[in-house]
Amino acid sequence: MNETEARIRQLRKELDEHNHNYYVLNAPTIDDREFDRLMAELQRLEEENPQYADPHSPTCRVGNDHNQAFTQVAHRYPMLSLGNTYTREEVAAFYERVQTSLQEPFSIVGELKYDGTSISLTYEHGRLVQAVTRGDGVRGDDVTENVKTIRSIPLVLRGDNYPDLFEIRGEILMPWTVFEQLNAEREREEEPLFANPRNAASGTLKLQNSAVVASRRLDAYLYYLLGENLPTDDHLENLRMAAGWGFRISDAMTRCRSLEGMYAFIDYWDVNRKNLPVATDGIVFKVASLRQQKFLGYTAKSPRWAIAYKFQAERAVTRLNSISYQVGRTGAVTPVANLDPVQLSGTVVKRASLHNDDIIQSLDLHIGDFVYVEKGGEIIPKITGVDTDARLLVGEKVHFITRCPECGTPLVRYEGEAAWYCPNDETCPPQIKGRIEHFISRRAMNIDGLGSETVDLFYRLGLIHDVADLYSLRESDIASLDRQGDKSARNIIEAIAASREVPFERVLFALGIRFVGETVAKKLANAFGSIDKLAAATEEELVQVDEIGVRIAGSVRAYFAHPSTAALVGRLKEAGLQMELSAERLARRTDRLQGATVVISGTFTHHSRDEYKSLIEEHGGKNTSSVSAKTTYLLAGENMGPAKLEKATKLGIKIITEDEFLQLIGQEQ
Ligand code: IVH
């Protein structure tokens, strides 16, 4: 082995070790900078010496942006589900069944039931070779590339006492904090929110772009080993050994030697699970001995040697007093149940979301009903059922309103959507106010000092009807109003004036065009350069832009086709807003990349990946995510995926460095 190869191996080993310390043991031994330095060295060496490429190198944890298709794979052992129990009596019945069948001493392992999406990992000679989703239990999707991005799953095992071939199963989870950040981001981008971390985890695992999966920071807990040569006859012992091979095994796993021990486990975790970083929905009890498991066997669907005990979803019963309907800035009408206040997992609940008409119908709700309210994995409490036995007098059946509660316009329902909409975007007050609030928000025009109460006041007083009216407000208009002193009036006027400098892409976002979030606005601004060009763009021209599909194109076209848009845009232009890219940005634009398709891979030093994407568009090129025969350049940064490199080389695609790219567009560093 030469020196380079030895160094590569050494770095991989060290980085694997640090990943394990950080992600599995939560006990890093070096700081992030040092880690990044080692990683950068490995990336550089691998790039310079592609002959030593290894699909298990820690460098492949960043994923790549190939559009992968998932192949279906048959499970070597079917992935079964567990029988569910909800009461202590059912747990006792399980214990007694086991006792009667075995007629010998046994112990039970208590574990948490993680609420994510299940995965089966196959390791051969200590290396992860395949990761498959549950699917229908018999066949699942091969999601190996995505699973490799999960840092707590070892790609190469530690030590040497693992079987040559085995499977390990567990749950892939999205931690609560990641889930909340992701949803906040999706809200900004006007993308549909994930209902709970489980949906977010399974949705993420099925993404075609593993680089995006890597950015979602999934986690995994493993709880079940399968194979011919497992080290011992004891489930818990085996998993403890697996922890030594580098897997993350839950600390909660406990041996219970009696039914009382099982109850104590339930009592403890029913309370303490609330402090865990990930969602759990119950407990799993498994007979510890593999020999005894085999003896007990399986029913058609589930093992006789294990059961799940589901936590009581925190639920309360309360009276439904009325339904209110809220109209959002897009006109969507959301039904909200007003309830008698009730305690539910530490907070008082007075309102619950009813989501949409279909849900109201399926619940057959009547005013005065006693309803079940739950706080599941979801953030907003929801109504899950009606206690029909408690119905004393049947109140009025709940029918979704047919007219807008704010402006009286008949509601409409668009094909394929569950929501009812108020189509009166011109004069319906909450839609107007909602658009103004979006316009002034921090990420849009960032007009400080104007909150939703002030907007409401100005609107009621007839001072503003649309966003353009903001620019004709005068200090004297405001100062005379209740609670607004001279100083705050001046501040508001100054903040409005300052917003004239907000760059075009943010103005575009501020307009509140449906499906045009921050990222899309940036792409459109770069591709078209001005509001007039964007307004004139055809559907074909719009979908030419990277990541703009027919849905967004349709929405942009509809916005500019609307009779009032031209007048509004005209007034905003007159008010001095930036309706095109700045002269400086425009001057930078060239057509040096006209007709070129550029794929970006890896990380860079002079600009971020997003900046490079913008630069490609500003210079007339197109940025795509995967290498194909149509690719003109592969812009290669550090830590480029080896597969991408190989494909580009095979197809004879020109691979350029960051500096070469900047030279190409005339921006030598
Ligand atoms: S054992 C044959 N252990 O619950 C037994 N499953 O309803 C295989 N789950 O599909 C499963 N935590 O996704 C087991 N500690 C745990 C678990 C667990 C969560 C999930 C798993 C499985 C489902 C069974």
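Every number here is computed from the coordinates shown, using simple stated rules; none is lab data. In this text the structure is predicted, and so the values were computed from the model without any measurement. All Cβ positions, even for glycine, are placed from backbone atoms using ideal geometry, and neighbour counts span all protein chains on display.
My understanding is that a pair violates if its Cα-Cα distance is over 27 Å; which of LYS274/LYS294; LYS148/LYS310; LYS622/LYS650; LYS13/LYS294 do that in this structure?
In this structure, LYS274/LYS294; LYS148/LYS310; LYS13/LYS294 lie more than 27 Å apart at Cα.
Amide H to amide H under 5 Å from PHE166: which residues, 5+ apart in sequence or cross-chain, H placed 1.01 Å off N in plane?
It is TYR123, by chain and number.
I'd like the Karplus ³J(HN,Hα) series for the range 277-293: coefficients 6.51, -1.76, 1.60, θ = phi - 60°, whole numbers in Hz, and an x wherever there's a Gly or Pro.
For the range 277-293, the Karplus-derived couplings read x, 10, 7, 10, 10, x, 10, 10, 10, 10, 5, 6, 7, 5, 5, 5, 4 Hz, x marking Gly and Pro.
What is the packing order of peptides 506-515, 366-375, taking the mean over residues of other C-beta atoms within 10 Å and listing the highest first?
The densest-packed peptide leads the list: 506-515, 366-375.
Express the relative contact order of the range 353-402 as a whole percentage, based on alpha carbon pairs under 8 Å and six or more residues apart in sequence.
Answer for the range 353-402 is 44 percent.
Could you list which residues have their amide H under 5 Å from that of GLY385, counting only those 5 or more apart in sequence or on another chain, with H placed in the peptide plane?
Excluding prolines and chain starts, which carry no amide H, the hits are TYR372.
When a/c is below 1.5 the answer is rounded, else prolate if a/b is larger than b/c, else oblate, so apply that to the chain with a ≥ b ≥ c taken from the square roots of the Cα gyration tensor eigenvalues.
Oblate, since a/c reaches 1.5 and b/c is not below a/b.
Given the C-alpha centroids of the range 586-601 and the range 234-299, what is the distance between them in whole angstrom?
Cα centroid to Cα centroid, the span is 56 Å.
Cα to Cα, under 17 Å, and not fewer than 8 places away if on the same chain: which lysines meet these conditions relative to LYS301?
Qualifying lysines at Cα under 17 Å: LYS286.
Inverting the mean 1/r over all pairs of different Cα atoms, compute the Kirkwood radius of the range 547-597 and quote it in Å.
This gives a value of 13.8 Å.
Separation between the ALA313 and THR177 pseudo-spin-labels, each 7 Å from Cα along Cα→Cβ, expressed in nm?
Spacing of the two 7 Å Cα→Cβ label points: 2.8 nm.
Is the shape of the range 106-179 best called rounded, prolate or oblate, per the rule: a/c under 1.5 gives rounded, else a/b larger than b/c gives prolate, else oblate, with a ≥ b ≥ c the square roots of the Cα gyration tensor eigenvalues?
Rounded shape, in that the Cα axes give a/c under 1.5.
In debye, nearest 20: dipole of the range 500-636 around its Cα centre with unit charges on the Cβ of K, R (+) and D, E (-)?
In total the dipole reaches around 100 debye.
Distance between the C-alpha centers of the range 603-624 and the range 113-175? Whole Å please.
35
Through the Karplus equation 6.51 cos²θ - 1.76 cosθ + 1.60, θ set to phi - 60°, convert the phi angles of the range 563-568 into ³J(HN,Hα) values in whole Hz; use x for Gly and Pro.
Taking θ as phi minus 60°, the curve returns x, 8, 5, 4, 5, 4 Hz for the range 563-568.
Can you find, among LEU128, ALA92, LEU112, the residue farthest towards the positive end of the dipole of the range 83-137? Put +1 on the C-beta of Lys and Arg, -1 on that of Asp and Glu.
Projecting each Cα onto the dipole axis, the largest value belongs to LEU128.
Report the gain in length on full extension from THR649 to ALA6: 0.36 nm times residue separation, minus Cα-Cα distance, nm rounded to one decimal.
228.9 nm
Taking other Cβ within 10 Å of each residue's Cβ, how do TYR559, TYR414, TYR224 sort, fewest first?
Ranking TYR559, TYR414, TYR224 by Cβ neighbours within 10 Å, fewest first, gives TYR414, TYR559, TYR224.
Could you go through the range 452-457 in sequence order and give the Karplus-derived ³J(HN,Hα) for each residue, using 6.51 cos²θ - 1.76 cosθ + 1.60 with θ = phi - 60°, rounded to whole Hz, and x for Gly and Pro?
These are the phi-based 3J(HN,Hα) values: 5, 5, 5, 4, 4, 4 Hz.
Size of the dipole of the chain about the Cα centre, Lys and Arg at +1 and Asp and Glu at -1 on the beta carbon, nothing else charged, in debye to 20?
Computed about the Cα centre, the dipole is about 760 debye.
In which sequence would SER564, SER530 go, from the one with the fewest C-beta neighbours within 10 Å to the one with the most?
Result, fewest neighbours first: SER564, SER530.
Can you tell me the order of 586-596, 653-663 when each peptide is scored by its average per-residue count of other Cβ atoms within 10 angstrom, highest first?
653-663, 586-596
May I ask you to order 457-467, 338-348 by the average number of other C-beta atoms within 10 Å around their residues, highest value first?
Final packing ranking: 457-467, 338-348.
Count the net charge of all other residues whose Cβ sits under 14 Å from the Cβ of ILE266, scoring Lys and Arg as +1 and Asp and Glu as -1.
-3
Which whole-number percentage describes the relative contact order of the chain, with Cα contacts under 8 Å and a sequence gap of 6 or more?
The value is 11 percent.
Got the relative contact order for the range 327-476 handy, in percent, Cα pairs under 8 Å and 6 or more residues apart?
20
Suppose R0 equals 51 Å; then what is the FRET efficiency for GLN361 and GLU260 from their Cβ-Cβ distance, rounded to the nearest 0.05?
About 0.65, to the nearest 0.05.
For each pair in LYS433/LYS522; LYS206/LYS433; LYS613/LYS644, compute the distance between the two Cα atoms and list the pairs where it is over 27 Å.
Among LYS433/LYS522; LYS206/LYS433; LYS613/LYS644, the Cα-Cα distance tops 27 Å for LYS206/LYS433.
Dipole of the chain (Lys/Arg Cβ +1, Asp/Glu Cβ -1, origin at the Cα centre): which of HIS355, GLN103, GLN293 lies farthest to the positive side?
GLN103
Which value, in debye to the nearest 20, gives the size of the charge dipole of the range 358-472 about its Cα centre, when Lys and Arg are +1 and Asp and Glu are -1 at the Cβ?
160
Per the helix-only calculation at 222 nm, which mean residue ellipticity applies to the chain, given -39500 (n - 2.57) for every DSSP H run of n ≥ 4 and division by its residues, nearest 500 deg cm²/dmol?
The per-residue figure over the chain is -10500 deg cm²/dmol.
Taking a ≥ b ≥ c as the square roots of the eigenvalues of the Cα gyration tensor of the range 402-464, is the shape rounded (a/c under 1.5), prolate (a/b larger than b/c) or oblate?
Oblate shape, in that a/c is at least 1.5 and b/c is the bigger or equal ratio.
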